[in-house]
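**Student:** Dropping a structure here in structure tokens format, bear with me for questions.
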Amino acid sequence: MTREEKSIAIEDLTAQLAGTNIIYVSDISGLNAETTSNLRRACFKAGIKLEVVKNTLLAKAMEASANDYGDLPSVLTGNSAIFISDVANAPGKIIKDFRKKSAKPVLKGAYINSEVYIGDDQLDALATIKSKEELLGELIGLLQSPAQRIISALQNKFAGSEEEAEA
């Protein structure tokens, strides 16, 4: 790779990092072609971009980015692939699902909305993070709950007074 090609690759990675707040870094080395293809297909269906990257180029892109990746560059050893998503828990779920069949991919770290998670032991927590839509749904449900109880109580009282009037 020439210096110019490296510079272009770093610029591309920096632009990708600037366009998202959710990045997972994992090791997918050792996966056979069929499993890798299945992983890419699952990522595509979930709206996740999966890209194998050079560690040095990704580290320089993180350094050039406006985001603070904290200790995340320290996990950039060996083979690395990045999962870029709009949904915080989607890559975690994909990785967890694939881990049912094999030991890979191994989570190295993640950057989610300015928070840095380091290590494969964080996978369960990351896979269960609620998405924005799930949180909004819960909030709406909580807000509707008292109103529904009041309406239900009024309907029951109104229905009870109609029955008394008929009797």
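**Student:** Step by step: first the residues of segment 50-66, then only those that are surrounded by fewer than 16 Cβ atoms within 10 Å (Cβ to Cβ) and assigned to a strand (DSSP E or B), then the one that is farthest from the chain's Cα centre (by Cα). Which residue is that?
**Tutor:** V52
**Student:** Answer with yes or no whether S102 is among the small types (G, A, S), touching a Gly at 6+ places or on another chain (Cβ under 7 Å) and either in the same structural domain as K49 (by the TED database) or open to solvent by 40 Å² or more (accessible area, probe 1.4 Å) (or both).
**Tutor:** no
**Student:** Here's a follow-up. Out of all the residues in segment 109-121, which are closer than 26 Å to N32 by Cα and under 14 Å from the mean Cα position of the chain (by Cα)?
**Tutor:** Once the filter is applied, which keeps residues that are closer than 26 Å to N32 by Cα and under 14 Å from the mean Cα position of the chain (by Cα), segment 109-121 yields G109, A110.
**Student:** Return the pairs, sorted by first residue and then second, in which the second residue is charged (D, E, K, R) and loosely packed, with under 15 Cβ neighbours inside 10 Å, the first residue lies in segment 112-136 and is touching a residue at least 60 places away in the same chain (Cβ under 8 Å), the beta carbons are less than 8 Å apart, and the residues are 6+ apart or on different chains.
**Tutor:** S114/D68
**Student:** Count, please, the residues in segment 1-37 that happen to be open to solvent by less than 40 Å² (accessible area, probe 1.4 Å) and of a type in the set (D, E).
**Tutor:** Adding up the residues that qualify gives 1.
**Student:** From the residues in segment 105-136 that are open to solvent by less than 50 Å² (accessible area, probe 1.4 Å) and at pLDDT below 80, which one is farthest from P73 (Cα to Cα)?
**Tutor:** Residue satisfying both the conditions and the ranking: S131.
**Student:** Right, here's the next one. Tell me, please, whether a residue that is among the charged types (D, E, K, R), open to solvent by 20 Å² or more (accessible area, probe 1.4 Å) and over 18 Å from the mean Cα position of the chain (by Cα) can be found in segment 73-92.
**Tutor:** no
**Student:** Looking only at segment 67-89, which residues are in contact (Cβ under 8 Å) with a residue 60 or more places away in the chain and over 14 Å from I28 (Cα atoms)?
**Tutor:** Correct list: I84, S85, D86, V87, A88.
The values are calculated or read from the model by the stated rules, or taken from the named source; none is laboratory data. All figures in this text were calculated on a predicted structure; none of them were measured in a lab. Ideal geometry is used to build each Cβ from the backbone, glycine not excepted, and the neighbour counts take in all protein chains shown. Just so you know, the surface numbers come from the protein's heavy atoms only, side chains and all, with ligands and any DNA or RNA stripped out. Shrake-Rupley method; radii C 1.70, N 1.55, O 1.52, S 1.80 Å.
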